[in-house]
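Colleague: I have a structure here, written as structure tokens, and I will follow up with some questions on it.
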Amino acid sequence: MPLPTTIITITPPSTSCPAPIFPPNRPHFPPRNLFTTKTILHNHRPTMANLSGFGFSIGSRLVASSGTSGSVADDEVRTLIEYAAGEGGATVGDDLVLLFHHLQYACKRIAALVASPFNSSLGKHKGLSGGGASAAGSGRDAPKPLDIVSNEIILSCLKNSGKVAVMASEEDDTPIWITNDGPFVVVTDPLDGSRNIDASIPTGTIFGIYKRLPELDHLPKEEKALLNSLQKGTNLVAAGYVLYSSATIFCTSFGSGTHAFTLDHSTGDFILTHPSLKIPPRGQIYSVNDARYFDWPNGLRQYIDTVRQGKGRYPKKYSARYICSLVADFHRTLLYGGVTMNPRDHLRLVYEANPLSFLVEQAGGKGSDGKSRILSIQPVKLHQRLPLFLGSLEDMEELESYGDVQQKVNPGYEV
């Protein structure tokens, strides 16, 4: 006797954004002026998630797995906001703490969006095709739907903070003037590496924070927005990146060391896990797209040939590790040492090179265009591109000693 047949009907997912990502009955962002530093810190103290059910036991100390930073006692757990308010340094202040509260909220929203099984439908939702190439991105760098949504999330949170005068984004042609009395200027790459999303490769958000220049207040809005955004990296008061990967990591500096915080999904807090990160003075890894080896100048080819044969100043053979996601490659380099680089005029000075160079210098490393210190370069255009080399101090000095390391020919690329 044949078995009865059960017919299962599968309803296709809605093309609209799902409720877990954008709940329809609650505001997307913290209401403006709802929080002060005192009310933020008055919230419950987070406790570490219990992993005993998975066969793990967390002792009295939480230790960074990389071994590149100190350990944090379990009874001394600090959130990002607590650290900024209490230990970030005398120059942080309540305004910057409040800005970071809104910024971390935006990054948690982006982290949820990146991990959502429905993010591939964003291109069909609200007409976010990402096909409208602009001065901010064209060809391979044309904005993707996730870029656009991430940009809107950050902009909304910065507006709600009430502390930002100008936001300059890699996704916008020109800076956006937000409010006349905001004390800060924020530059950002909202979602770096977004074209790797479909392959589940790590992505990230990069940001830098400057003080608004009051001496420009008399200028027309468009002009003062642009000039405030074209500050040297030496003027940065804070910078950071957020890595969206197996863990969501918020790495930042207020100018007194580099510190990384890991998102605890059980509490929704970024917990200090890597205090006072120090990049090793020398690593054993180089990170670059060496498929373009034959387009490189002789100096760069000679350097790579030398270190991977173990014939450089460090008598061990180097390994290649390349993800093609700037935040991910940089994060690994920060932890393990070595050099991550893009030798061609590709990465943006304002949104990528300056913030990451600020972080690597605060961790004891170096950021360079192959010839000059990144933070000392005066931007002349909002979307100015340049070669970028970031890494351990000794590795960087050895690399620069080869002289000719900037790639000037660019065959096969559409920038």
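Colleague: In nm, what is the difference between 0.36 nm times the number of residues separating residue 376 and residue 200 and their Cα-Cα distance?
Modeller: Values: separation 176, 0.36 × 176 = 63.36 nm, distance 3.55 nm.
Value of the extension gain: 59.8 nm.
Colleague: Same structure again: Can you tell me the FRET efficiency between residue 218 and residue 173 if r is taken as the Cβ-Cβ distance and R0 is 25 Å, rounded to the nearest 0.05?
Modeller: Details: r = 24 Å, r/R0 = 0.97.
Efficiency for this residue pair is about 0.55.
Colleague: Excluding same-chain residues fewer than 8 positions from residue 316, which aspartates and glutamates have a Cα within less than 16 Å of its Cα?
Modeller: Leaving aside aspartates and glutamates fewer than 8 places away in the same chain, those within reach of residue 316 are 305, 394, 395, 398.
Colleague: Here's something else I'd like to know. Write out the trypsin sites (Lys or Arg not before Pro) in the range 295-362 meeting two conditions: DSSP loop, and at most 12 other Cβ atoms within 10 Å of their Cβ. Walk me through the numbers before you get to the answer.
Modeller: On the way: sites: 301, 308, 311, 313, 316, 317, 321, 332, 344, 348; in loops: 311, 313, 316, 317, 321.
Filter output for the range 295-362: 311, 313, 316, 317.
Colleague: If you stretched the chain out fully between residue 345 and residue 266, how much longer would it get, using 0.36 nm times the residue separation minus the C-alpha to C-alpha distance? Provide the component values of the computation, followed by the final result.
Modeller: Working: separation 79, 0.36 × 79 = 28.44 nm, distance 4.20 nm.
So the extension gain works out to 24.2 nm.
Colleague: Now, a different point. If you count only protein heavy atoms and use a 1.4 Å probe, how large is the accessible surface of residue 218, to the nearest 10 Å²?
Modeller: So the heavy atoms of residue 218 present about 150 Å² to solvent.
Colleague: Give me the 1.4 Å probe accessible area per residue for the range 271-394, excluding ligands and nucleic acids, in Å². Mind dumping the intermediate values first?
Modeller: Values: 4560 Å² over 124 residues.
Accessible area per residue: 37 Å².
Colleague: Cα to Cα, under 19 Å, and not fewer than 8 places away if on the same chain: which lysines meet these conditions relative to residue 144?
Modeller: Straight-line reach from residue 144, under 19 Å: 124, 126.
Colleague: Next question, about the same structure. Of all accessible surface on the range 285-401 at a 1.4 Å probe, what whole percent is carbon and sulfur? Walk me through the numbers on the way to the answer.
Modeller: Details: 1930 of 4260 Å².
Reported share for carbon and sulfur atoms: 45 percent.
Colleague: Still on this model: Given 311/381; 311/366; 317/371; 108/211, which pairs have Cα atoms separated by over 30 Å? Present the calculation step by step, with values, prior to reporting the outcome.
Modeller: Details: 311/381 40 Å; 311/366 22 Å; 317/371 25 Å; 108/211 25 Å.
From the list (311/381; 311/366; 317/371; 108/211), the Cα-Cα distance tops 30 Å for 311/381.
Colleague: Plugging the Kirkwood radius over Cα pairs into Stokes-Einstein for the range 204-261, at a temperature of 25 °C and a viscosity of 0.890 mPa s, what D comes out in µm²/s? Let's see the in-between values first.
Modeller: Working: Rh = 13.1 Å.
Taking Rh from Cα pairs, D becomes 188 µm²/s.
Colleague: With each label point set 7 Å from Cα along the Cα-Cβ vector, what nm distance links residue 152 and residue 311?
Modeller: Result for the modelled spin labels: 5.6 nm.
Colleague: Cβ under 11 Å from residue 150's Cβ, residue 150 left aside: what net charge do those residues give with Lys, Arg +1 and Asp, Glu -1? Write down the numbers at each step before the final one.
Modeller: Details: positive: 109, 144; negative: 147, 152, 170, 171, 189, 192.
Net charge in that neighbourhood comes out at -4.
Colleague: Ignoring ligands, DNA and RNA, what percent of the 1.4 Å accessible area of the range 157-244 is carbon and sulfur? List each step's numbers first, then the result.
Modeller: Working: 1450 of 3070 Å².
Accessible surface attributable to carbon and sulfur in the range 157-244 totals 47 percent.
Colleague: For a quick size check, give me the Cα extents of the range 285-401 along its three principal axes, largest first, whole Å.
Modeller: 40, 31, 26
Colleague: Mind jotting down the distance between the C-alpha centroids of the range 307-359 and the range 199-257, whole Å?
Modeller: 20 Å
Colleague: For residue 397 and residue 227, calculate 0.36 nm times their separation in residues minus their Cα-Cα distance, and state this gained length in nm to one decimal. Before the final figure, lay out each step's value.
Modeller: Details: separation 170, 0.36 × 170 = 61.20 nm, distance 3.25 nm.
Stretched out fully, the residue 397 to residue 227 stretch lengthens by 58.0 nm.
Colleague: With both partners inside the range 285-401, how many of the DSSP beta bridges are antiparallel, as a percent to the nearest 5? Please list the in-between numbers first.
Modeller: Numbers: 10 of 14 bridges.
Percentage antiparallel, nearest 5: 70.
Colleague: Provide the packing ranking of 190-197, 171-178, i.e. peptides ordered by the mean count of other C-beta atoms within 10 Å per residue, highest first. Please list the in-between numbers first.
Modeller: On the way: 190-197: 22.9, 171-178: 18.9.
In decreasing order of mean packing, 190-197, 171-178 become 190-197, 171-178.
The values are calculated or read from the model by the stated rules, or taken from the named source; none is laboratory data. Quick caveat, the model's predicted, so the values are computed rather than measured. Please note: Cβ atoms are built from the backbone with ideal geometry, for glycine as well, and neighbour counts cover all protein chains shown. With ligands, DNA and RNA removed, areas are computed over all heavy atoms of the protein, side chains included. Shrake-Rupley method; radii C 1.70, N 1.55, O 1.52, S 1.80 Å.
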